[in-house]
Amino acid sequence: MARVTLNSIQKRYGETTAVDDVSFTVDDGEIVGVLGPSGCGKTTTLRTVAGFETPTAGTVSFDDRDVTHVPPENRNVGLVFQEYALFDNMTVRENVGFGPKMRGVERSERRERATTLLEMLDIGDMADRDPTTLSGGQQQRVGLARALAIEPAILCLDEPMTGLDAKLKARLRDEVGDLLSELDVTGLYVTHDQEEAMLMCDRIAVMNDGRLEQVGTPREVYESPATEFVSEFVALDAPELPFIQW
Amino acid sequence: MSTAPSRRFGRGLVTATLLLVVGFLMVPIGLTFVGSFAGEWSGVFPSEFVTLQNWREVLGLADTIGSQRSMGWDTLFTVGGYTLAVPSELLFSVGLALGGVLINLVVGVPIAYGVARYDFRGDEWLNAISVLPLVPGVILGVAFLRAYPNLSGTSFGLIVGYSLLKAPFMVMAVRSEFESMPLRRLEESARSLGASWPRTFLTVIVPNARSGIVSGAIICWTLAAAEFNFSYIVWAKGTQPLALFLQRHISNSSFTKAAAAVSMFFCIIVAITVLLQQVGSRGFDARS
């Protein structure tokens, strides 16, 4: 795990600016949520951290190492998508073992690591299954295990719960939240769902129209929003939040 | 309680229609197959069963007269007085069509990937050109002979022509497969896990599209094997492509013998389809 710093990131596509002057730090072991409406630049921010976008200006560093121009396969970033994107040509275990395999980890150790992770995520008995036969929630657990298997410097989650039903979402949120803090994972959690961000993240970066509106703990963002946008966006069908222990 | 009429009759109606249509399409094939074992077929139904003479003649195992060339049985090996012979010419013409498929795999899959994955200037055009079966075989055949006189009559010329003619089917099948999966996400997952781009393409992207690639290959092969017009114009000498072999047996023979030739063609198609499917499901297995 590492401390991840975004320093004045800007990303332009021709005339349009997707991300403008975004700076924040994700401390070692911390989960930072990037919250905002669709098209606000949050996914571009995540893709910049993962190495799929090179910023037009600004730098990304992991600890003290500048990784702005390091290709994704050499960055050691775990990715979890809304679409799961599991490899259907491999079993669940092979999916989880893919990252370690690319890193030259030996077969027996790969197996062991995959088994441990799958058991941690409560799907240990599905190791030899074809991922297409799994339910959405189970597939997302496999996706998470696969990303964690490389012991990433940072785990990037892009709307991982969107598309799951409310009940499952609530359960997964609790379980995954516990697991991430137990493993002391450094994470970037992109979502448009303020409730999810408040519950899963240590701090929240609220974005709008490519700009950073506020960075703070869920409580700060909720109780003292820095801008009108933040207060509107966070209050918008705001959860009662009785379950948050301030 | 009464059920809605649509529910009461709908299922039966659909089943009956389906059976009728399938039956209507299958009867000629079935009848031809049965007829290929008959000695005489002058009325509606064949008669004088059962003889293997038609098959023997088509397969070149019996002596024939006139233009009926044999299929060039070659001895593969001989063990203790038993000889295993293979119809080398037949295998060769099966191979001609497979060659076309092979080129399409190498060229068509990357094109399909490019069009499905990237937005670039002219992608609509590339898509249209690669997907529209623009040129009929006759026209391509003539144009081919003018443009590449050296390729006239060669096996390589036939293979290239087949791949050109049938490429649209490969691109269409594979592209729709690529478009039905989260292509970009799969690629990004594999990259982030440490796989280089070529490795991602070969071990993740291509195997995930296997069903589209296999069906594209089957369509390509079947159509290439049956492509008469192009073969007729470009082929000059030597081993005949399947379509010409078929035509020879249909136009110069008794009906029963034509039935045997058609049935054999049908068997080959089934065999190659099964083979491609098997290769497809095993060959893409990236199990570690």
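Is it possible to state the helix-based mean residue ellipticity at 222 nm for chain B, with each DSSP H run of 4+ residues giving -39500 (n - 2.57), the sum divided by total residues, to the nearest 500 deg cm²/dmol? What is it?
On the way: 12 runs with 187 residues, N = 288.
The helix-only estimate for chain B comes to -21500 deg cm²/dmol at 222 nm.
Under the rule that an exposed site lies in a DSSP loop and has at most 11 other Cβ atoms within 10 Å, name the longest stretch of chain A with no GluC sites (Glu not before Pro) of that kind, not counting the sites themselves. Write down the numbers at each step before the final one.
Numbers: sites that count: A:E15, A:E106, A:E240.
The longest uninterrupted stretch comes out as A:107-239.
Filter the cross-link list B:K237/B:K257; A:K101/B:K166; B:K166/B:K237 down to pairs whose alpha-carbon distance in this structure exceeds 29 Å. Mind dumping the intermediate values first?
On the way: B:K237/B:K257 24 Å; A:K101/B:K166 38 Å; B:K166/B:K237 23 Å.
Violating the 29 Å limit, Cα to Cα: A:K101/B:K166.
How much net charge surrounds B:S42 when only the other residues with a Cβ under 14 Å from the Cβ of B:S42 are counted, with Lys and Arg +1 and Asp and Glu -1? Display every interim value, and only then the final one.
Working: positive: B:K257; negative: B:E40, B:E48.
Net of charged neighbours comes to -1.
Of A:R203, A:R65, A:R211, which is the most mobile in a GNM of chain A whose springs link Cα atoms less than 10 angstrom apart?
Comparing A:R203, A:R65, A:R211 in a Gaussian network model of chain A, the most mobile one is A:R65.
If I take every Cα pair under 8 Å that is 6 or more residues apart in chain A, average their sequence separation and divide by the length, what percent do I get for the relative contact order?
Values: 471 pairs, mean separation 67.1, N = 246.
Over chain A, the number comes to 27 percent.
Pop the C-beta distance of B:S42 and B:F9 into the FRET formula with R0 = 56 Å and round what comes out to the nearest 0.05. Kindly include the intermediate steps, with their values, before the conclusion.
Working: r = 43 Å, r/R0 = 0.77.
The calculated FRET efficiency here is 0.80.
Check which residues have an amide H placed less than 5 Å from A:I31's amide H, if you skip close sequence neighbours.
A:G187, A:D202, A:R203
Going Cα to Cα from A:K11, which lysines come in below 22 Å? Please leave out same-chain ones fewer than 8 positions away.
Here the lysines satisfying the reach criterion relative to A:K11 are A:K42.
As a footprinting exposure proxy, order A:K42, B:K257 by other Cβ within 10 Å, with the fewest listed first.
Working: A:K42 29, B:K257 21.
Ascending Cβ contact count within 10 Å gives the list B:K257, A:K42.
If you keep only loop residues by DSSP, which trypsin sites (Lys or Arg not before Pro) in the range B:97-201 have at most 13 other Cβ atoms within 10 Å of their Cβ? Intermediate values should be presented prior to the final figure.
Working: sites: B:R117, B:R121, B:R146, B:K166, B:R175, B:R184, B:R185, B:R191, B:R199; in loops: B:R121.
Hits after loop and neighbour filter: B:R121.
Compute, for chain B, the length of the dipole vector about the Cα centre, with Cβ point charges of +1 (Lys, Arg) and -1 (Asp, Glu) only. Units Debye, rounded to 20. Please list the in-between numbers first.
Values: 20 positive and 15 negative charges, 133 e Å.
For this selection, approximately 640 debye.
With 10 angstrom as the radius, rank A:F87, B:F33 by how many other C-beta atoms surround their C-beta, starting from the fewest.
On the way: A:F87 23, B:F33 16.
Going from sparsest to densest Cβ surroundings: B:F33, A:F87.
Would you kindly derive the ³J(HN,Hα) couplings of the range B:246-262 from the backbone phi angles with the Karplus curve 6.51 cos²θ - 1.76 cosθ + 1.60 (θ = phi - 60°), listing them in order in whole Hz, with x for Gly and Pro?
5, 4, 4, 6, 7, 7, 10, 10, 5, 5, 5, 6, 4, 4, 5, 5, 4
Could you list A:T56, A:T5 in order of exposure, starting from the residue whose Cβ has the fewest other Cβ atoms within 10 Å? Walk me through the numbers before you get to the answer.
On the way: A:T56 14, A:T5 17.
Neighbour counts put them in this order, fewest first: A:T56, A:T5.
Report ³J(HN,Hα) in whole Hz for each residue of the range A:39-48, in order, from the Karplus equation J = 6.51 cos²θ - 1.76 cosθ + 1.60 where θ = phi - 60°; Gly and Pro get x.
Along the range A:39-48, the couplings run x, 8, x, 6, 5, 4, 4, 5, 5, 5 Hz.
How shielded is A:69-77 by partner chains, expressed as the average number of their Cβ atoms within 10 Å of its Cβ atoms?
On the way: counts 0, 0, 3, 9, 10, 3, 3, 3, 4.
Average per residue, whole number: 4.
Bear in mind that the values in this text are calculations on the coordinates, not laboratory data. Note that the coordinates shown come from a computational prediction; the quantities given were computed from them, not determined experimentally. Using ideal geometry, Cβ is built from the backbone for each residue, glycine included, and neighbour counts are taken over all protein chains shown.
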